[in-house]
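These notes are about the structure you will find just below.
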Amino acid sequence: MPRNKVGHFKGARARAHFLSVYDAAMAQLPPAGESIDVPTSFGSVRAYRFDGPSAGPPVVVLPGRNASTPMWRVNIPAFREHRTVIGIDLLGEAGMSVQDKPITGAEHEAQWLDETLAGLGLDRVHMLGVSIGGWTVVNCAVRRPGRIASAVLLDPVMTFAPIPAKAILASLGLFLPVPEAVRRRVLTWISGGAEFDDSLPEAALIGAGSKDFAIAKPMPKMFSDNQLRSLDLPVLALIAGRSVMLDDARAAARARNLLPRGQVELWADASHAINGEYPVKIANRAAQFLDEVDGAP
């Protein structure tokens, strides 16, 4: 398969650099009870299981763009106080998943994720995604909802509101060959102004992903009103009030108007880096929501 048709590392040196950053970041997570590569129609998907209390279906977590499972460094310890957590590296993105066939649209994105859940033997799961991971959760729930018990969305892009033009232009600095100082300024801006600090494993991971990996699939498309109305499952949407990747008021209003079983909260002080800013608060709020969904006393 031609390299420009599938996501790929930009060369042997880029791959080696990313793997060194990835391995160092993974070492900061709790030990995974299992690591498995699941074959799908579009490539092999890497999944990790982090064991928690046995009660209730597990939570499958999906990262944002240029990230992967290690980006959940501060979240997984808090999540696994409540549930078993399964981290998935998005197919076609920087990580240990390996794309080998073109992903040409939303149906393919839903297919590989559903096939991954099936390959993991998961008949009923809760799903949690941040940024583009949130879009990926909703896309699967719209097109292949059978295994998904609920969805928790952390500032999801292209879901309830489009990405602003300014953010699209700024994000080009993560994909084009620009000076490292420009790349760092873009990452700082997306993170709500917090100085990009690549001494943090997850920051180094996202920086390496944007520099070392080439994505070769179309940008997500916004969901229609009818698609969002069709989501017949509980949804908890946490919208960041300082997000630069979406219009927070517009996103919250559309989610409240269209989700038939939605709980929508606007976290005024959060940026698009909401998962790193509020790991314990998110874990506790999500656990409360999932217990309600599962009918726990």
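The values are calculated or read from the model by the stated rules, or taken from the named source; none is laboratory data. Computed from a predicted structure; not experimentally measured. A quick note on method: Cβ atoms are made from the backbone with ideal geometry, for glycine too, and the neighbour counts reach across all protein chains shown.
The combined condition, being crowded, with 24+ Cβ neighbours inside 10 Å, under 23 Å from residue 260 (Cβ atoms), in contact with a Ser or Thr (Cβ under 8 Å, 6 or more places away or on another chain) and not charged (D, E, K, R), is not fulfilled by residue 152.
Residues in the stretch 89-140 that are among the small types (Gly, Ala, Ser) and surrounded by fewer than 18 Cβ atoms within 10 Å (Cβ to Cβ): 105, 118, 119, 121. Residues that are part of a helix (DSSP H, G or I), touching a helix residue (DSSP H, G or I) at 6+ places or on another chain (Cβ under 9 Å) and among the β-branched types (Val, Ile, Thr) within the stretch 89-119 are absent altogether.
Considering only residues that are surrounded by 13 or more Cβ atoms within 10 Å (Cβ to Cβ) and within 20 Å of the chain's Cα centre (by Cα), look in the stretch 9-23 and name the one that is farthest from residue 113 (Cα to Cα). Please lay out each step first, then the result.
Just the residues of the stretch 9-23 that are surrounded by 13 or more Cβ atoms within 10 Å (Cβ to Cβ), to begin with: 9-10, 14-15, 17-19, 21-22.
From what is left, the residues that are within 20 Å of the chain's Cα centre (by Cα) are 9, 18-19, 21-22.
Working: 9: 21, 18: 24, 19: 23, 21: 25, 22: 22 Å.
So, considering only residues that are surrounded by 13 or more Cβ atoms within 10 Å (Cβ to Cβ) and within 20 Å of the chain's Cα centre (by Cα), the one farthest from residue 113 (Cα to Cα) is 21.
Does residue 290 count as buried (at least 16 other Cβ atoms within 10 Å of the Cβ), touching a residue at least 12 places away in the same chain (Cβ under 8 Å), aliphatic (A, V, I, L, M) and in a strand (DSSP E or B)?
Criteria not met by residue 290.
When residues in the stretch 41-67 are screened for being part of a loop (DSSP other than H, G, I, E, B), of a type in the set (Ser, Thr, Tyr) and under 20 Å from residue 110 (Cβ atoms), 1 of them pass. Among the residues of the stretch 272-287, is any more than 22 Å from residue 78 (Cβ to Cβ) and either without any contact (Cβ under 8 Å) to a residue 12 or more places away in the chain or of a type in the set (A, V, I, L, M) (or both)? Scanning the stretch 272-287 turns up no residue that is more than 22 Å from residue 78 (Cβ to Cβ) and either without any contact (Cβ under 8 Å) to a residue 12 or more places away in the chain or of a type in the set (A, V, I, L, M) (or both). Looking only at the stretch 102-109, decide whether some residue is under 30 Å from residue 10 (Cα atoms) and either of a type in the set (S, T, N, Q) or without any contact (Cβ under 8 Å) to a residue 24 or more places away in the chain (or both). Yes, the stretch 102-109 contains at least one residue that is under 30 Å from residue 10 (Cα atoms) and either of a type in the set (S, T, N, Q) or without any contact (Cβ under 8 Å) to a residue 24 or more places away in the chain (or both).
Counted as qualifying within the stretch 176-241 are the helices (runs of 4 or more DSSP H) with 2 or more residues that are over 17 Å from the mean Cα position of the chain (by Cα) and either under 25 Å from residue 7 (Cβ atoms) or at pLDDT below 95 (or both), namely 180-190, 201-212.
May I ask you to list the residues in the stretch 242-263 that are in contact with a strand residue (DSSP E or B) (Cβ under 7 Å, 6 or more places away or on another chain) and either within 22 Å of residue 63 (Cβ to Cβ) or at pLDDT below 95 (or both)?
Of everything in the stretch 242-263, those that are in contact with a strand residue (DSSP E or B) (Cβ under 7 Å, 6 or more places away or on another chain) and either within 22 Å of residue 63 (Cβ to Cβ) or at pLDDT below 95 (or both) turn out to be 248, 251, 255.
Taking the conditions (1) of a type outside the set (D, E, K, R); (2) assigned to a helix (DSSP H, G or I); (3) free of Cβ contacts under 8 Å to residues at least 40 places away in the same chain; (4) surrounded by 19 or more Cβ atoms within 10 Å (Cβ to Cβ) in turn, residue 86 satisfies each one other than (2). Against the criterion of being in contact with a Pro (Cβ under 7 Å, 6 or more places away or on another chain) and part of a helix (DSSP H, G or I), residue 134 qualifies.
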